[in-house]
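A short worksheet on the structure shown next.
The values are calculated or read from the model by the stated rules, or taken from the named source; none is laboratory data. A quick note: this is a predicted structure, and the numbers were derived from the prediction, not measured. Every residue, glycine as well, gets a Cβ built from its backbone with ideal geometry; the counts of neighbours run over all protein chains shown.
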Amino acid sequence: MFKINENYQKLPGSYLFSTIAKKVAAYQQAHPDKKIIRLGIGDVTLPLVPAVIQAIHKAADEMGQAETFHGYAPDLGYSFLRETIAENDYKKLGCDIEADEIFVSDGAKSDCGNIQEIFSEDSRIAVCDPVYPVYVDSNVMAGRTGEYDAESGTWSNVIYMPCTAENGFVPELPKETPDLIYLCVPNNPTGTALTRDQLKVWVDYANREGAVILYDAAYEAYISDEDVPHTIYEIEGARTCAIEFRSFSKKAGFTGVRLGFTVVPKDLKCKDVPLHALWARRHGTKFNGAPYIEQRAGEAVYSEEGNRQVMEQVAYYKRNARVIYDGLKEAGYTVFGGVNSPYVWLKTEEMTSWEFFDYLLEYANVVGTPGSGFGPSGEGYFRLTGFGTYENTVEAVERLKALRKTGGGR
Ligand SMILES: *Cc1c(COP(=O)(O)O)cnc(C)c1O
């Protein structure tokens, strides 16, 4: 009789988003006339920009002509895209990253979930708390995380690095040394970022301890502060300790197109073995390659027109986040994020994260995401996103302000 991978049995189930969906559906059914505004979404809502659509049409036409037809894509990505990325995302910033250190993929989620496969089974992981759930769950599936404690919502063999208002959402160096350190900058869910100086501490630490930083920069396009780096390779020493994940999803609205890339520098080695070679082997064996049409769409994001158009969309979402941040602050809430990020993170004060969720749903008909769903240190916080429409965002903020005055039913 076959046996299943017991590690999969340990996963507690996706409690967070299914519970939200159920609560919202039940409320809407009981109050069919109420307009619910959803600011819990972690997905873009604007359509693809014209430069991208043009590139998709052109590439589709090429696929229909014998001379320009493309079959299997190169495993690691077409060089036209890898060169464009190396030039625009790295060389222009003075970072020494070559096209052949860039692995094109279908997005950052799969790569940051799969990367752990090239590390030994007994690798110890450290994550920021609150955390993007993929980092932990992919390691649970690999059997690295020990036992789950439902009470605290933590795994016995994971190093949690609390990121709260008390430490300014900057993780502190852990007491026990991890092998793999997941950092997400700008951060989902807290909307906060690390400065160059703060990141340098981590790069130096990883090099000193022989750890690898797994750097998720899915929200890079949202950075506006001068002292927040756009890539970890802006930090001296990162080539020997860091892997970076990037995505076209939140930058160019590619969540339905699927495109991303991962950078593994050739200087990143374990004894004499370059991780680059391991990831190339893994990618070539288990990943189907991103489609030609989509890689052309990705290339268009870097054209002058394309870049201008996608950055207008990013600005739209950022304006929404700013409206939420400023409005809630004015109303007396304690708010964070919203500057280098589409996310605003606020304190729920005397309520728990879930009590606050219910309170907003009932008295303001606004949906957000309870912070406790992202990890124990998320308790007492709440995430709102800038991915709604501007009009709905403004209306939601007005409702929250009014609620703050009246206190709802309380
Ligand atoms: C949305 C998100 C991703 C997913 O990126 P895809 O390229 O769409 O797979 C990765 N990391 C974080 C932190 C995200 O919020």
Selection count where residues are under 21 Å from the mean Cα position of the chain (by Cα) and among the hydrophobic types (A, V, I, L, M, F, W, C), scope region 22-60: 5
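Being more than 16 Å from the ligand (Cβ to nearest atom) and part of a loop (DSSP other than H, G, I, E, B) is the filter here, so list the residues in region 162-177 that pass it. Give the steps one after another, and end with the answer.
Of the residues in region 162-177, the ones more than 16 Å from the ligand (Cβ to nearest atom) are 162, 164-168, 170, 172-177.
Correct list: Thr164, Gly168, Val170, Glu172, Leu173, Pro174, Lys175, Glu176, Thr177.
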Number of the exception - Asn320 against (1) out of contact with any Phe, Trp or Tyr (no Cβ under 9 Å at 6 or more places or on another chain); (2) touching a residue at least 12 places away in the same chain (Cβ under 8 Å); (3) more than 16 Å from the ligand (Cβ to nearest atom); (4) assigned to a helix (DSSP H, G or I): (1)
In region 178-214, residue surrounded by the most Cβ atoms within 10 Å (Cβ to Cβ) [restricted to those that are assigned to a strand (DSSP E or B) and in contact (Cβ under 8 Å) with a residue 60 or more places away in the chain]: Tyr182
Residue satisfying all of: in region 250-266; out of contact with any strand residue (DSSP E or B) (no Cβ under 8 Å at 6 or more places or on another chain) and either part of a helix (DSSP H, G or I) or outside the structural domain of Arg296 (by TED's automatic domain parsing) (or both); surrounded by the most Cβ atoms within 10 Å (Cβ to Cβ) among these: Ala252
Filter result (under 19 Å from the mean Cα position of the chain (by Cα), over 14 Å from Ala217 (Cβ atoms) and among the hydrophobic types (A, V, I, L, M, F, W, C)) within region 99-114: Phe103, Val104
Any helices (runs of 4 or more DSSP H) falling wholly within region 1-115 and containing at least 2 residues that are among the aromatic types (Phe, Trp, Tyr) and at pLDDT 95 or above: none
Condition met for Thr334 (surrounded by 22 or more Cβ atoms within 10 Å (Cβ to Cβ) and within 24 Å of Val170 (Cβ to Cβ)): no
Flag if Glu294 is under 23 Å from Asp111 (Cβ atoms), assigned to a helix (DSSP H, G or I) and more than 18 Å from the chain's Cα centre (by Cα): yes
Residue tally, condition touching a His at 6+ places or on another chain (Cβ under 8 Å) and surrounded by fewer than 20 Cβ atoms within 10 Å (Cβ to Cβ), over region 83-122: 1
Single residue of region 201-217 satisfying the filter (closer than 13 Å to Ile243 by Cα and among the aliphatic types (A, V, I, L, M)) that is nearest to the ligand (Cβ to nearest atom): Ala217
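Here is a list: Phe69, Phe80. Which entry is without any contact (Cβ under 8 Å) to a residue 12 or more places away in the chain, surrounded by fewer than 22 Cβ atoms within 10 Å (Cβ to Cβ) and either within 16 Å of the ligand (Cβ to nearest atom) or among the aromatic types (Phe, Trp, Tyr) (or both)?
Phe69
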Of all residues making up region 337-350, the number that are surrounded by fewer than 21 Cβ atoms within 10 Å (Cβ to Cβ), over 16 Å from the mean Cα position of the chain (by Cα) and on the phi < 0 side of the Ramachandran plot: 2
Pairs, first more than 7 Å from the ligand (Cβ to nearest atom) in region 106-126, second small (Gly, Ala, Ser), C-beta under 6 Å, six or more apart: Asp106/Ala290; Asp111/Ser105; Gly113/Ser138; Gln116/Ser138; Gln116/Ala142
Residues of region 233-279 satisfying the condition of being β-branched (Val, Ile, Thr) and within 30 Å of Asn340 (Cα to Cα): Ile235, Thr240, Ile243, Thr255, Val257, Thr262, Val263, Val264
Cross-chain or 6+ apart pairs with Cβ under 7 Å, region 371-388 first and at positive phi, then assigned to a helix (DSSP H, G or I): Gly380/Ser353; Gly380/Gly371
Sole exception among (1) surrounded by fewer than 20 Cβ atoms within 10 Å (Cβ to Cβ); (2) within 11 Å of the ligand (Cβ to nearest atom) for Thr240, by number: (2)
Of all residues making up region 127-161, the number that are within 16 Å of the ligand (Cβ to nearest atom) and of a type in the set (Asp, Glu): 2
